[in-house]
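Here the structure is laid out as structure tokens; the discussion comes afterwards.
The values are calculated or read from the model by the stated rules, or taken from the named source; none is laboratory data. Note that the structure is predicted; figures quoted are calculated from it, not measured. Cβ sites come from the backbone with ideal geometry, for glycine too, and all protein chains shown count toward neighbours. Surface accessibility is based on the protein's heavy atoms, side chains included, excluding ligands, DNA and RNA. Shrake-Rupley method; radii C 1.70, N 1.55, O 1.52, S 1.80 Å.
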Amino acid sequence: MSRPSDAFESGFEDPRPVENPRLGPLEWARWAWRQLTSMRTALLLLLALAIAAVPGSLIPQESADPNGVISWKASNAAFVSIADVLQLFDVYTSAWFSAIYLLLFVSLVGCVVPRLFHHLKALRAAPPRTPARLGRLPAYRTAESEGDAEHALATGERLLRRRRYRLQRYGSSVSAERGYLRETGNLVFHTGLVGVLISVFVGGGFTYTGQRIVATGQTFVNEQQAYDTISTGRFFGDSSLQPYAITLNSLAVKYETRNLAALGEPIDYTADVTTQQPGQKPQKRVIKVNEPLSIGGTDVYLLGNGYAAKLTVRDAKGKVIFGGTVPFRPQDNDLTSLGVVKVGSASPKQLGLVGFLYPTAVRQTTGALASNFPDLLNPIVTFSVYTGSLGSGPQNVYTLDTTGMTQVAGPPTKTKGIQLSPADPVAILPDGLGTVRLDGITRFAALDIHHDPSQGWVGGFVVITVAGLITSLLIPRRRMWLKVTDEDGVLRLEYAALARGDDPALERAVADFAEEHRQALEADRGPVERVPAGV
Amino acid sequence: MTTPLDQLSVLLLLSAMGLYAVAFVAFALDLARRSSEAQAMADEAASRSAGATASAAVSEVRGGVATLVAAPPSVDGPPRSNRRTAARVALAVLTVGWVLHLGADVLRGIAAARVPWANMYEFSMTGTLIIVGIYLLALTRVDLRFLGAVITGLVLVLLGIATVGFRVAVSPLPPALQSYWLVIHVFVAILGTAFFTLSGAVSAVQLVQARRERVLAAGRTADRVKLLATVPTSTRLENIAYRVAIVGFILWTFTLIAGAIWANHAWGRYWGWDTKEVWTFIIWVIYAGYLHARATRGWRGNGSGWLNLIGYGAVLFNFGVVNVFFHGLHAYSGLSS
Ligand code: HEM
């Protein structure tokens, strides 16, 4: 249906041109407010929001893909300063993106509040007067009957009331209206959107998100310094972290081995963990990719995995100068992984090892090693060796800053690099630096730990919003009239309806009503003579 | 790995595409025949539809809802002449093609031992199946045969791209996709996409029809696009497109929400502006704009028609370009990069 002239916009959009060109500040403010809360502005702001969201999908975003940002900056050096000024790496928190949606929501509130009052009034008002010429309405039927006009009207009222219409008698006609729920739904929908936005914002202040790599056998304790990285909301405080501990007992990974098209693709990750909370017995729990573990107000997700090598480094005298489990970061689907060992207590120079772990090593025709299957079928660990200063300050466990170091083994130097495997676990470091021993290879799990107390609120508002949306889109709002004219003992019955908003069933509603009315009258009196439906 | 079941699925799909091609030709013939029919009734039809347009325009100004009355009844009601053999053939062939298509889809699901919408090839296959299915279903209630050529043409193109560009052998689901949310989220997305497709097709016809109406109203009687004389008025088309889009929008809203819930299960946050999330959001906002446009002065008619098509353009872009070329967490295409 096209929209009737009394659709809501007409109350809020003033089509008259501004008559007085010299406006005072108050008039200007009123004019600006009216513009901002008009349907046209709402539409333009929605389209602006859609367009403004696009760049964030073209350029990597700091929040979702920090590494992407780094490589984008490296390959588009000329544009970095412009992109920084335009906040293109943080589109969704940028000033301009925020401006658009804040304006949109201001417009929304400015639009909803007057409509709310309008609607409350409409809910109490009687249905409008019967138009003089019903025949001009979009859905119209006539019929003739004999008998009492009052009886015909009363019967019509009974039928309409049963169809949940609100009624008002005007002389020899009945005016009826239904579907107020449509506008109610619309208001609930728009208000619900505001609720979603506010709960996302306020809730965001209480969240924290942290990452931690845990190798098999290791234990994670929920304390701020135990996280590899943690980002916290505005209202995060010392008491935000509830105490608990998670020990990774094993991480089982299954790979496809039969389907050649998908050989080596992971099929399943299962982390078996033991959790411990104050005052409770240890519990055995499982974390899987789509099944996070809920504990201590947080959800713990299994988001990544890889291999970790247990290594011991001794100096020339046989004293242990490093012992520990070193995570190797996966580089490809067959889990060729990169790892770094930093031996700060080596003397006189500090010692650094950089190398690869190949779970299923094969020698390529070039002579280089590669992995061709992600499981541990033929593991080999190789290292290049550096001596010098590891540098001070916070250390990234995955990279070795070689600026203060000299490479002493591994290509391109002439000394061969270190190669270790379970069958051949010990290698001698060059220049009498000592030995390295591979004590074993295990898996690590990359855990993401999230705390978001706003989820319930957001979810609740989303449910309300969707309910409002469906109500407002699917419930028809219509007015219906029945008019009875007594023409010398013959009753002329007129039925007409008007849609408010979209109403595909308008004509059918009039036809059904007319038919039911005829049958009801017929049951009470004699048969009713029908006139073909007039248009 | 190509299993015999999968091979049979491909065979059925190719046969279905053959039948769709036949249906396309028959629908096109039907349209051509309509146009010559219209020519036979030349002046009468032209003047009647011009009159209808004029009166629709008048009632529009009054703000009335007179369009249903003003539309020539012959095109809205059941078809006047049953001699439209081409259309009947087209429908029969389309129906048989759809059954084969359904078979292809089900076999693919059995071959993979899971729902057949876990990568772009399967998404396209199931999506087009649902487009044709909804179209056939709608035909039992409204005479939308004038859309047949557009729908079958579009489905053929989509299936062509899918079989040539997206086809991948059956493979197991990576752990991130092993979730009943795959079943819900993706299926609702497919349904929403199908409704958006139908709505977009109607809007496209609406825009062409509106152009023709403008030409006629301007008094140029030489009606060159005669075949549109038997198609409903642009106002009526706009209403149909709107109703179909409403269903699409509700489904898309569920897609968005189900996606957020799934993301919360799989990645630990319900919203992170991943590229796919961004585009799902963009589509949602454009269609919200479209729903607004119908209630905004100056945007009814052509404005809303164009917005609907822009929304659909974003749907196609999201599926065809974002999946394949954009980087993000949603590694969904099944194509290796
Ligand atoms: C966050 C931004 C907004 C979104 C996402 C949004 C979305 C929607 C949607 C989906 C509808 C159709 C469903 C329904 O009728 O309830 C709608 C209708 C409507 N919206 Fe909004 N809206 C927004 C802002 C606004 C603003 C700022 C205004 C006022 C200027 C407004 C006024 C209306 C009106 C009057 C309708 C009813 C249209 C009709 O009856 O066809 N909306 N909106």
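Descriptive notes on the structure:
- Among residues of region A:31-66, those that are in a loop (DSSP other than H, G, I, E, B) and either more than 14 Å from the ligand (Cβ to nearest atom) or at pLDDT 90 or above (or both), counted: 8
- Within region A:198-257, tally of residues that are more than 20 Å from the chain's Cα centre (by Cα) and assigned to a loop (DSSP other than H, G, I, E, B): 17
- Given (1) of a type outside the set (S, T, Y); (2) away from the ligand (no atom under 16 Å from the Cβ); (3) assigned to a helix (DSSP H, G or I), index of the condition B:I257 fails: (2)
- Out of A:R129, A:R136, one residue alone is more than 16 Å from the ligand (Cβ to nearest atom), open to solvent by 80 Å² or more (accessible area, probe 1.4 Å) and out of contact with any strand residue (DSSP E or B) (no Cβ under 6 Å at 6 or more places or on another chain). It is A:R136.
- Candidates A:L108, A:L102: the one that is within 16 Å of the ligand (Cβ to nearest atom) and loosely packed, with under 14 Cβ neighbours inside 10 Å is A:L102.
- Residue, farthest from the other protein chains (Cβ to nearest Cβ), within region B:291-307, restricted to residues that are in a helix (DSSP H, G or I) and buried (at least 20 other Cβ atoms within 10 Å of the Cβ): B:G305
- Matching residues in region B:251-280 - criterion: being modelled with pLDDT of 85 or more, under 30 Å from A:A446 (Cα atoms) and in contact with a Leu (Cβ under 7 Å, 6 or more places away or on another chain): B:D274, B:T280
- Region A:196-222, residues that are closer than 21 Å to A:F105 by Cβ, more than 12 Å from the ligand (Cβ to nearest atom) and either within 14 Å of chain B (Cβ to nearest Cβ) or open to solvent by less than 60 Å² (accessible area, probe 1.4 Å) (or both): A:S199, A:V200, A:F201, A:G203, A:G204, A:G205
- Matching residues, region B:269-290, being within 16 Å of the ligand (Cβ to nearest atom) and either among the aromatic types (F, W, Y) or open to solvent by 30 Å² or more (accessible area, probe 1.4 Å) (or both): B:W271, B:F281, B:W284, B:Y287, B:Y290
- Filter result (within 16 Å of the ligand (Cβ to nearest atom) and either open to solvent by less than 20 Å² (accessible area, probe 1.4 Å) or within 14 Å of chain B (Cβ to nearest Cβ) (or both)) within region A:79-99: A:Y92, A:F97, A:S98
- Qualifying residues in region A:467-493 (those that are free of Cβ contacts under 8 Å to residues at least 24 places away in the same chain and away from chain B (no Cβ under 12 Å)) - the one farthest from the ligand (Cβ to nearest atom): A:D488
- Listed by position, the strands (runs of 3 or more DSSP E) enclosed by region A:342-392 that each have at least 2 residues that are touching a residue at least 12 places away in the same chain (Cβ under 8 Å), open to solvent by less than 50 Å² (accessible area, probe 1.4 Å) and not acidic (D, E) are A:350-358, A:369-371, A:380-388.
- Any hit, region A:458-481, residues being more than 30 Å from A:D502 (Cβ to Cβ) and open to solvent by 20 Å² or more (accessible area, probe 1.4 Å): no
- Of the residues screened, B:G320 is not one that is touching a residue at least 60 places away in the same chain (Cβ under 8 Å), in a helix (DSSP H, G or I) and open to solvent by less than 10 Å² (accessible area, probe 1.4 Å).
- Failed item in (1) away from chain B (no Cβ under 14 Å); (2) in contact with a Pro (Cβ under 8 Å, 6 or more places away or on another chain); (3) within 16 Å of the ligand (Cβ to nearest atom), with A:L167 passing the rest: (3)
- For region A:42-77, a tally of residues being more than 19 Å from B:T275 (Cα to Cα) and open to solvent by 30 Å² or more (accessible area, probe 1.4 Å) returns 5.
- Put simply, of B:T163, B:T193 the only residue that is of a type outside the set (G, A, S), away from chain A (no Cβ under 14 Å) and more than 29 Å from B:W306 (Cα to Cα) is B:T163.
- For region A:494-506, the criterion of being surrounded by fewer than 21 Cβ atoms within 10 Å (Cβ to Cβ), within 13 Å of chain B (Cβ to nearest Cβ) and away from the ligand (no atom under 16 Å from the Cβ) is met by at least one residue.
- A:R443 falls short on exactly one of the conditions (1) modelled with pLDDT under 90; (2) assigned by TED's automatic domain parsing to the domain that holds A:F235; (3) in a strand (DSSP E or B), and that condition is (1).
- Condition check for A:S175: within 14 Å of the ligand (Cβ to nearest atom) and at pLDDT 90 or above: no
- Pairs, first under 22 Å from A:P60 (Cβ atoms) and more than 7 Å from chain A (Cβ to nearest Cβ) in region B:259-277, second in a loop (DSSP other than H, G, I, E, B) and of a type in the set (K, R), C-beta under 7 Å, six or more apart: B:A263/B:R269
- Strands (runs of 3 or more DSSP E) fully within region A:258-309 that include at least 2 residues being facing another protein chain (nearest Cβ under 10 Å): A:266-276.
- One residue from B:A266, B:A241, B:A229 being assigned to a helix (DSSP H, G or I), within 30 Å of A:A505 (Cβ to Cβ) and more than 16 Å from the ligand (Cβ to nearest atom): B:A229
- The sole residue among A:T184, A:T130 that is of a type in the set (S, T, N, Q) and part of a loop (DSSP other than H, G, I, E, B) is A:T130.
- Residues located in region A:296-328, provided they are over 19 Å from A:T216 (Cβ atoms), crowded, with 16+ Cβ neighbours inside 10 Å and at pLDDT 90 or above: A:T298, A:D299, A:V313, A:R314, A:D315, A:I321, A:F322
- Test: residue in region B:195-210 that is buried (at least 22 other Cβ atoms within 10 Å of the Cβ) and assigned to a loop (DSSP other than H, G, I, E, B): no
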